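**Q** A single structure is presented below for examination.
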Amino acid sequence: MNVEDPRHGTTAGHLAHRHAGEPACAACVAAKTRYEKARNLYGPRMVPAVGTRRRIQALKAMGHSGADIAARLGVSYQAVHKLEHGTAAKVFAATADRVAATYEQMSMTLPTGYHRTRIRNKSTARGYVPPLTWDDIDDPDEQPTRGTYRPVVKRDAAEMAAELDHLLGLGVSIHMAAKQLGVSIAAIEKATERAKGSAA
């Protein structure tokens, strides 16, 4: 396991090392030790589930599939489905930490799966909202700012692709680029695809 793996330095990472038949790294051993100490003192540590559920739903709203999310988390599709649709008030802290780490990575990348548009549309119909609509995704009282993702603005695809390349070259994230361009992630995807098609 490399240090970029979202499970690195967590109890999930310690388990992954064991499943791989390799010695756990120091960070994962430390995480496992902390967890066991807390478990012995207080029992399994639980935290509110709302942030975990919202993170899974936000990734689906972007177009990431449950299978892709599961693969990045190192869990089954059924486990992701349960987190997405579950009604439990709390989840294990280790699970929340793992989902949060994966969310930070996946929310910065565009989905590439064949069914990404269908997943986005289905998620929107369910009321899911993308990452940028949340200021504090863990706050149970917060309401998403749906206006952050605006309707697609009609503009030249090549121009938008050029502006996007410029922003990304400056180190701006894809989400901030979409916000600055005043378009949705889906609009950027379509413009990029059209620009590639024109150049071919």
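The values are calculated or read from the model by the stated rules, or taken from the named source; none is laboratory data. Please read all numbers here as calculations on a predicted model, not as lab measurements. Cβ atoms come from the backbone with ideal geometry, glycine included; neighbour counts cover every protein chain shown.
Conditions tested, residue by residue: (1) at positive phi; (2) of a type in the set (Ser, Thr, Tyr); (3) in a loop (DSSP other than H, G, I, E, B).
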| site | (1), (2), (3) |
| --- | --- |
| Arg98 | no, no, no |
| Glu104 | no, no, no |
| Thr112 | no, yes, yes |
| Arg120 | no, no, no |
| Ser123 | no, yes, no |
| Ile137 | no, no, yes |
| Pro140 | no, no, yes |
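**Q** Only one residue in Ala58, Ala24 is touching a helix residue (DSSP H, G or I) at 6+ places or on another chain (Cβ under 7 Å), hydrophobic (A, V, I, L, M, F, W, C) and closer than 30 Å to Ile188 by Cβ, so which one is that?
**A** Ala58
**Q** Against the condition on the phi < 0 side of the Ramachandran plot, under 12 Å from the mean Cα position of the chain (by Cα) and modelled with pLDDT of 90 or more, how does Gln78 come out, does it pass?
**A** So Gln78 fails the test.
**Q** For Ala94, are the conditions met, namely being crowded, with 19+ Cβ neighbours inside 10 Å, under 30 Å from Lys37 (Cβ atoms) and modelled with pLDDT under 90?
**A** Answer is yes for this residue.
**Q** OK, next. Return the only residue of Ala71, Ala61, Ala30, Ala67 being surrounded by 15 or more Cβ atoms within 10 Å (Cβ to Cβ) and either without any contact (Cβ under 8 Å) to a residue 24 or more places away in the chain or part of a helix (DSSP H, G or I) (or both).
**A** Ala61
**Q** Which condition does His8 not pass, out of (1) at pLDDT 90 or above; (2) surrounded by 15 or more Cβ atoms within 10 Å (Cβ to Cβ); (3) not assigned by TED's automatic domain parsing to the domain that holds Pro131, if it passes all the others?
**A** In the conditions (1) at pLDDT 90 or above; (2) surrounded by 15 or more Cβ atoms within 10 Å (Cβ to Cβ); (3) not assigned by TED's automatic domain parsing to the domain that holds Pro131, His8 misses (1) alone.
**Q** Next question, about the same structure. Do the conditions hold for Gly13, that is, is it touching a Cys at 6+ places or on another chain (Cβ under 6 Å) and either over 20 Å from Gly127 (Cα atoms) or surrounded by 13 or more Cβ atoms within 10 Å (Cβ to Cβ) (or both)?
**A** Here the answer is yes, as Gly13 does meet what is asked.
**Q** Using the structure shown, decide if Arg45 is under 27 Å from Gly171 (Cβ atoms) and touching a helix residue (DSSP H, G or I) at 6+ places or on another chain (Cβ under 9 Å).
**A** no
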